[in-house]
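All remarks here apply to the structure that follows.
The values are calculated or read from the model by the stated rules, or taken from the named source; none is laboratory data. No experiment lies behind these values; they were computed from the predicted model shown. Here Cβ is always computed from backbone atoms with ideal geometry, including for glycine, and neighbour counts include all displayed protein chains.
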Amino acid sequence: MPLRRRILSAALIAAACLPALAQPKYKPQKGSEILWDKWGVPHIFAKSTKDMFYLYGYAQTEAHGELLMHVMAGSRGRSSEIYGPGDGDKNLKTDRWVLLNEVPKRSQLWLSQQTPEFRSYLEAFAAGINAYAAKHPDKLSAEAKQVLPITALDIVQHTHHFVNFEFVASNRLMNARDTETAELRMPESPYSPTNMDMQDGSNGWAIAPSHTASGNAMLLMNPHLAMAGEQSYFEAQLVAPGINLFGASQVGLPVMRFCFSDYVAITNTVNTNNGALQFAIKEQDGGYLYDGKVLKYETAQYPFRIKQKDGSLTTEIVQVQKTVHGPIVRRDNGIPIALYAAGLDKPFFLEQYWKMDTAHNLAEYQTQLKRLEVPMYNILYADRDGHIEYLFNANVPRRTGDWAMWTKPVDGSISTTKPHGILSYDELPKQVDPASGYVQNSNQPPWDAAWPTMIDRAKYPAYVSSFFPLFRSDRALRMLSEDKKFTFDMLLQKKFSTRMEMADRMMDDLQSAVAQYGSPKAKKAAEILKNWDHTTEANSRGAFLFYVWAQKFIGPTVGMQTPKSMQNFAVPYDYNQPLTTPRGIKDPKLAAQMLDAAYDETAKTYGAPDRPWGEVMKFEINGQSDGNTSAPRGEAINGVSLPGNGGPGNLGIFRVITWGPMLNGTKTPVHGDGFTVALEFSKTGVKQAKTFVYYGESSQLGSPFHTDELPLAEKKQWRDVWRTRKEILANLSSKEVF
């Protein structure tokens with residue numbers, strides 16, 4: 001990716017750093033209010049829909065002002081100018097990626113394409129942000145104030161950056177790969193594991209009346225993602241005439257991606273779609289070859305400023321070279337790699353979610369779903385009428401070849417590899433009201449979404465999705481299928497399961513292997529595992545030992561379609577048999593030797609081979625109010641440090657907690673269970689709902705709502721969702737009237 005630093009003229013710098021478009025002034029009608037409950041959840045009661053968006057922007061700024069300004073600056077390509085390069089050059093990489101993909105330029109077009117009604121909502125949301133900042137200047141740092149004012153363009157721009165160029169195509173695509181020594185691979189998802197700790201995707205369940213004891217539909221929203229920064233969820237209730245929504249979305253988004261009303265409920269998980277295709281470009285005569293002709297690059301340059309430690313500013317220029325596929329994002333051994341990102345002609349992401357949130361039935365919901373303005377995510381749905389749906393939602397580029405072909409750059413010099421359009425809604429994998437009585441996803445490929453009502457892979461193009469086992473989704477299928485009729489209490493309990501599916505499946509074979517081939521040390525380890533209950537509760541003894549052994553047995557690529565991740569299993573994965581494959585030990589002697597080694601490694605790393613899980617794994621929240629996870633791990637924030645439970649999804653734990661590196665003798669969460677809702681419909685609305693947000697409702701420094709839910713995490717407790725004024729007033733923390 002060509003980059004250049006130099007001194008620019010004042011005019012050029014000023015042009016590059018112009019503030020966003022002027023923001024129309026807006027004030028809500030008198031009588032609208034925000035009721036903050038004792039957990040810091042805002043309940044917004046507005047006189048109109050526009051007022052509701054205004055108060056939502058106001059509330060987000062009150063709870064996450066520093067974080068909100070930081071992410072908005074990044075989506076402008078200006079975070080380095082205001083906040084400096086950041087830890088590990090995070091801000092610098094963000095700015096380069098945003099400008100290289102021309103997010104600000106495209107966002108101006110997208111804003112102009114919004115309907116007048118929805119644009120007015122975006123403007124109201126931005127006005128609410130500015131209103132809070134103007135009323136409470138002491139609540140924002142000097143850096144955050146430099147980002148103001150926020151405009152409707154900022155909202156579109158941040159959404160575009162966050163969705164299209166973090167989830168669909170992350171800035172890791174800028175990292176050059178050595179084509180001679182390293183395999184070029186696209187990740188299965190933005191959250192592919194780099195080791196056994198790192199599988200931090202989401203879970204989602206929708207359960208039909210045929211599978212519940214009450215005859216009511218249920219839904220589980222269980223997104224994970226990071227426990228700080230731009231991926232943080234913000235929980236709220238939004239009420240206006242004809243509207244009553246409860247749910248969450250990331251800070252900076254004006255609509256809810258996870259939402260329920262008295263009519264419908266929706267949740268999302270990251271899917272295995274590949275909407276970021278890479279093309280190897282052949283350069284010639286100052287241009288590049290395409291179907292035998294030499295084409296010229298389309299070029300642009302975008303300067304941005306970088307604040308240095310002494311406060312001075314340097315300037316860097318992002319040089320854009322665009323091909324028929326997209327911009328050159330890196331060079332591998334000198335070979336230019338161009339990026340094709342699906343969904344760049346889809347400006348109505350926010351409006352589609354808004355209309356799905358406010359749908360009253362399956363038909364209205366599907367009308368919006370079919371627009372495919374949302375470029376990725378599995379979307380799961382349930383409603384009070386008893387319908388459920390799973391959709392492998394994505395802008396899937398229509399092309400040739402299979403999944404494996406597109407995991408690395410393909411030949412960009414011929415038109416036959418170039419995508420032409422996207423698959424329609426009817427061509428995407430889905431399940432609507434399946435015979436199984438449920439749909440689910442835990443970031444695995446779509447084929448077993450309603451097992452045993454399987455989706456036939458053969459009916460879809462070979463490039464639609466990957467194909468690999470995932471013990472976490474197998475655990476979900478087991479918990480969903482083991483009871484003929486679900487109760488709401490079962491749903492609440494099963495969500496917190498810390499049982500390892502892999503341990504259940506492998507333990508008998510491992511014990512047999514050690515009995516036959518094990519050293520005295522391996523037999524000591526086997527005895528510890530024999531007395532362990534296969535969970536990662538705080539008092540679990542043996543979890544660390546199995547965790548270390550599993551890392552050796554599977555290797556770092558578990559959950560991905562690679563031969564190495566499956567080579568030690570006796571029976572390979574069969575997607576028609578998710579609860580029994582993969583299984584068995586191909587080489588029992590080797591497995592016993594691995595356990596011998598694991599015994600010593602566990603003792604060295606964790607203090608003892610049978611160390612209780614919660615003595616090392618601690619529920620502490622790390623991160624500063626600016627959203628950077630820079631606080632020292634192992635030190636309690638606000639004095640809260642509690643024994644942890646839950647663990648790596650790669651081992652088949654449904655209650656995913658992704659623990660950071662060992663520091664000061666402890667590990668603390670960096671990803672995993674955050675905002676979560678379990679709900680049950682009645683025939684006329686929502687019968688009951690429970691929720692939690694373990695990293696709290698506010699990231700502002702000193703907020704009482706930052707660590708207050710950690711005791712719930714330790715005890716595996718839910719809290720009630722309050723939706724009526726009576727309930728909210730009985731649990732009121734503060735009230736703001738406009």
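For Ser512, indicate whether it is at pLDDT 95 or above and either of a type outside the set (D, E, K, R) or in a loop (DSSP other than H, G, I, E, B) (or both).
For Ser512, the condition - at pLDDT 95 or above and either of a type outside the set (D, E, K, R) or in a loop (DSSP other than H, G, I, E, B) (or both) - is met.
In region 280-306, what residues are assigned to a strand (DSSP E or B), without any contact (Cβ under 8 Å) to a residue 40 or more places away in the chain and of a type outside the set (S, T, N, Q)? If the condition is that a residue be assigned to a strand (DSSP E or B), without any contact (Cβ under 8 Å) to a residue 40 or more places away in the chain and of a type outside the set (S, T, N, Q), then Gly287, Lys293, Val294, Leu295, Glu298 are the ones that fit. Every condition in (1) touching a residue at least 24 places away in the same chain (Cβ under 8 Å); (2) assigned to a loop (DSSP other than H, G, I, E, B); (3) more than 30 Å from Lys293 (Cβ to Cβ) is met by Gln440 except one, and the failing one is (2). Between Lys25, Lys50, Lys38, the distinction of being more than 30 Å from Arg330 (Cβ to Cβ) and at pLDDT below 95 belongs to Lys25 only. Of all residue pairs spaced 6 or more apart or on separate chains, those with beta-carbon atoms under 6 Å, a first member in region 345-357 that is buried (at least 21 other Cβ atoms within 10 Å of the Cβ) and a second member that is among the acidic types (Asp, Glu) are Phe349/Glu373. Are any residues in region 37-82 surrounded by fewer than 24 Cβ atoms within 10 Å (Cβ to Cβ) and aromatic (Phe, Trp, Tyr), and if so, which ones? Answer for region 37-82, where residues must be surrounded by fewer than 24 Cβ atoms within 10 Å (Cβ to Cβ) and aromatic (Phe, Trp, Tyr): Trp39, Phe45.
Give the residues of region 703-724 that are more than 19 Å from Ile34 (Cβ to Cβ) and either among the aromatic types (Phe, Trp, Tyr) or in a helix (DSSP H, G or I) (or both), sorted by residue number. The answer is Leu710, Pro711, Leu712, Ala713, Glu714, Lys715, Trp718. A Cβ distance below 6 Å, combined with a sequence gap of six or more or placement on separate chains, defines the contacts here; from region 114-128, residues that are closer than 11 Å to Trp354 by Cβ reach residues that are at pLDDT 95 or above and among the acidic types (Asp, Glu) in the pairs Phe118/Glu351.
Within region 573-600, the set of residues being small (Gly, Ala, Ser) and either surrounded by fewer than 18 Cβ atoms within 10 Å (Cβ to Cβ) or out of contact with any Phe, Trp or Tyr (no Cβ under 8 Å at 6 or more places or on another chain) (or both) comprises Gly584, Ala597.
Scanning region 327-343 for residues that are touching a residue at least 60 places away in the same chain (Cβ under 8 Å) and surrounded by fewer than 21 Cβ atoms within 10 Å (Cβ to Cβ) turns up Arg330, Arg331, Asp332, Asn333, Ile335. Filter region 322-375 for residues that are of a type in the set (Lys, Arg) and touching a helix residue (DSSP H, G or I) at 6+ places or on another chain (Cβ under 8 Å); which is nearest to Gln237 (Cα to Cα)? Among those that are of a type in the set (Lys, Arg) and touching a helix residue (DSSP H, G or I) at 6+ places or on another chain (Cβ under 8 Å), it is Lys355. Of all residues being of a type outside the set (Lys, Arg) and out of contact with any helix residue (DSSP H, G or I) (no Cβ under 8 Å at 6 or more places or on another chain) in region 608-623, which is modelled with the lowest pLDDT? Just the residue, please. Step by step, filter region 608-623, then rank; the result is Asn622.
The condition (being at pLDDT 95 or above and outside any loop (DSSP other than H, G, I, E, B)) is satisfied by just one residue among Leu372, Leu277: Leu277.
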